[in-house]
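The values are calculated or read from the model by the stated rules, or taken from the named source; none is laboratory data. Quick caveat: nothing in here was measured; it's all calculated off a predicted structure. For neighbour counting, all protein chains shown are included, and Cβ atoms are generated from backbone atoms with ideal geometry for every residue, glycine included.
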Amino acid sequence: MGVGARLCLRVRVVYRLQLRERMRIGSLVALLVVGCGARAGQPPSDLGVDPAGVASDGAAGDGAGDGAVPIDAPDLAGTPCSTRITYGSAWIHGANHPAPSDDAAGLVTWDGACVDDGGNSYALLSNGWKPYFTGYGACVIALDSTCAGAPASCGSRVTYGAAWQHPANHPAQYDDVAGRLTSDESCRAAGANSAETLSNGWTPNFAGASSCELSFRYTQCGGLYANPVIPVSCPDPGVVRDGSTYYLSCTVGDGGGVYPIYVSTDLTSWTRKGYIFPSGHAPTWATGNFWAPEIHRVGNGWVAYFSAKHTDGTLAVGAASASSPLGPFVAGGQPLVHKSGMGTIDASEITDADGTPYLLWKDDGNASGKPTPIWAQRLAADGLSLVGAPTQLITNDQTWEGALVEGPFLVRRGGAYWLFYSGNAYYDGRYAVGVARADSLLGPYTKAPGPIVVSDAAWVGPGHCSVVDVPGAGDWLVYHAWQAGHVNGPGDGRLVLVDAIDWSGAWPSVPGAPSTRSRPLP
C-alpha cells in the first residue's frame, strides 16, 4: 500500500468516526478527502453519505427528525453555505426535536411533490431527508439558503394532489408563483367535486367531495409561522411598529402588573417585556376593568391609551405617556374621556397625513341596551388632551353586528380611510371583523356589505384587531380568537392570530383567516 493510499484510508476512517459522533469536519480532513478523489467539500461517494446532511438515527432514514445534524463540510472553492429548512405545523417531529426547523450544509432543494403514505404524507428533499406530515397532501416547507444557485427572491410552488382536475394544456402537477401564495383553507363543494381558492385568485378544482390537497414550497421567503402567534390568553391586541420592532399589549392583568408588553421583530415570535403599568403604578382614578390597551407614537413621544373603571363606577378612557414604547408610562391624574352615565372603552389613535392626531373610542351602550357609536375627536399635539368636539363615525346598524360595534382601528390607504372594527358578542361565534370606508377621516363612512373575518371550524369569535404595515410585505391583521372547543369557559382564553390583508378588491379581505395552516412569515 503506497503512502497516498494509506492517507486515503486514514481519512475514510476519520470521516466515519466524525459522522458517528456528529462532529464538525475540519478543513484538514476535507483537504485529505480531496486527495482521495472526492470533490472539494464532499466525502468520497463510496462512504454512502449525503454531503448535505445526515438522516436522524430515530427516523429510519426519514430525515429531519430527532437530532438531525448537518455536516458543515467547508467548500474549498468559496465560503461555506447552508439552507434552513422550516417545516409546516403538520410536521411530525422526531423525538427530542422540538424545533420547527433544521440547518443543513449546502443547497437543499425540494421539487414540491408530497407523497401520501398511510394516513400521512412526506416530502423527499435533495439531501435525502424525508420529513413526514400529518394528513394527506399536508407538506409545507420553506427553504431559505445562503448558497449560490438559490432563488434571488421569495417564491412559492403549489403542488396539487392526485384528484386535481388539470386545465387544458397544463400537464404539470404544480404551479410556480412569485411572492407568497396561500390558500383560503376552505375546500368547499363544487357540485360533485371540490375547490379551494388561492390568495392570487386561482381556484383549483378537484374530483370528488372534500378532495382538495395542496402542498406548498416557499423559497427565500424567510421561514414559516402558524397561528396562534401568542398561545396564551391575550385579548384585544394592540400593535405598533417602531422601525423593525413591533410592540403589542393586551387585556391582561396579573400580580406583576397591568397590560403586558410583548416585543417581536417578525410579528409572529413574541417575547414578554414588562407592563404598561407595573404593579403599584396603575392610575389613581382607576379601580379595575383594565381593558384594550394600545401604544401609539404621538408627536415626539409614546402614548398608551386604555380603558378602566373610574372610581365613580363608570368605564373611562385614559392615557399614559412615555419616551419609549417599553415605558415607563405615567398616567394622567384624570381620564381622557369620561362621560356621566355612559361608559367609554376601546380607545385607538390615528395621526392624519397633516400630522394631526385623533382619538377613537366606543360608547359602551350595549351595557344598558343602547346603541354603541364609535367616535373620533382631535387630540392635542402630545396626544394627552382633547381638542374640539367628537364626531360619530359609525354605530351598530347592520344585522351581523347585533348589539354592538367596538374595537376601532383606523388606517389611511390609497387616499381613503378604512375603519376596521368588530361587532356582536365577543364570547361566541357571532363576533367578527368588519370594515368601513370614507374619503375623509371624520366621514361619512360606508360599511362593507358584511364582515371580512368570521369564525371557522378551528377558531371562534375573531376580532378586536390592529392593522400593521410590514415593510416589504404589506398590511397584516393582528387579532384575537377563541380556539374551537375552548370558548369562554374556565381557563379558556382568546389567543393572538396574524394574517395578511389583501387590498386587491373593492374592499380589503383577509384570505383564509382565521388561518390554521403554516404560512410564510410576514
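Starting from the stretch 298-315, keep only residues that are surrounded by 24 or more Cβ atoms within 10 Å (Cβ to Cβ), then list their pairs with residues that are among the aromatic types (Phe, Trp, Tyr) and modelled with pLDDT of 95 or more whose Cβ atoms are within a distance under 7 Å, requiring at least 6 positions of separation or different chains.
That search, which allows pairs on different chains as well, returns Ala304/Phe329; Phe306/Tyr259; Phe306/Phe290; Ser307/Trp291; Ala308/Phe290.
Output the residue which, of all residues in the stretch 360-378 that are touching a Lys or Arg at 6+ places or on another chain (Cβ under 8 Å) and of a type outside the set (Phe, Trp, Tyr), is surrounded by the most Cβ atoms within 10 Å (Cβ to Cβ).
Among residues in the stretch 360-378 that are touching a Lys or Arg at 6+ places or on another chain (Cβ under 8 Å) and of a type outside the set (Phe, Trp, Tyr), the one surrounded by the most Cβ atoms within 10 Å (Cβ to Cβ) is Asp363.
Six or more apart or on different chains, Cβ atoms under 7 Å: show the pairs whose first residue is in the stretch 351-370 and among the hydroxyl-bearing types (Ser, Thr, Tyr) and whose second is assigned to a loop (DSSP other than H, G, I, E, B) and surrounded by 14 or more Cβ atoms within 10 Å (Cβ to Cβ).
Matching pairs, first to second residue: Tyr358/Asp352; Tyr358/Leu441.
Do we have Pro444 as buried (at least 20 other Cβ atoms within 10 Å of the Cβ), more than 13 Å from the chain's Cα centre (by Cα), in the same structural domain as Glu401 (by TED's automatic domain parsing) and not basic (Lys, Arg) here?
In short, no.
All but one of (1) within 30 Å of Gly493 (Cα to Cα); (2) at pLDDT below 95; (3) loosely packed, with under 14 Cβ neighbours inside 10 Å hold for Asp184; which doesn't?
Looking at each condition in turn, Asp184 falls short on (3).
Has the stretch 109-118 got at least one residue that is surrounded by fewer than 16 Cβ atoms within 10 Å (Cβ to Cβ), of a type in the set (S, T, N, Q) and at pLDDT 95 or above?
No: zero hits.
Tell me which residues, restricted to the stretch 164-185, are under 30 Å from Ile452 (Cβ atoms) and free of Cβ contacts under 8 Å to residues at least 60 places away in the same chain.
Trp164, Gln165, Pro167, Asp175, Asp176, Val177, Ala178, Gly179, Leu181, listed by residue number.
State all residues of the stretch 398-448 that are outside any strand (DSSP E or B), without any contact (Cβ under 8 Å) to a residue 40 or more places away in the chain and over 26 Å from Leu495 (Cβ atoms); if no residue qualifies, say none.
Residues satisfying the conditions are Thr399, Gly415, Asp439, Ser440, Pro444.
Out of the residues in the stretch 116-153 that are assigned to a loop (DSSP other than H, G, I, E, B) and among the hydroxyl-bearing types (Ser, Thr, Tyr), which is nearest to Gln220 (Cα to Cα)?
Here the residue is Ser153.
Could you say whether any residue in the stretch 463-482 is surrounded by fewer than 24 Cβ atoms within 10 Å (Cβ to Cβ), of a type in the set (A, V, I, L, M) and in contact with a Lys or Arg (Cβ under 7 Å, 6 or more places away or on another chain)?
The answer is yes, given that some residue of the stretch 463-482 is surrounded by fewer than 24 Cβ atoms within 10 Å (Cβ to Cβ), of a type in the set (A, V, I, L, M) and in contact with a Lys or Arg (Cβ under 7 Å, 6 or more places away or on another chain).
Being aliphatic (A, V, I, L, M) and farther than 18 Å from Leu267 by Cβ is the filter here; which residues of the stretch 475-520 pass it?
Ala484, Val487, Ala506
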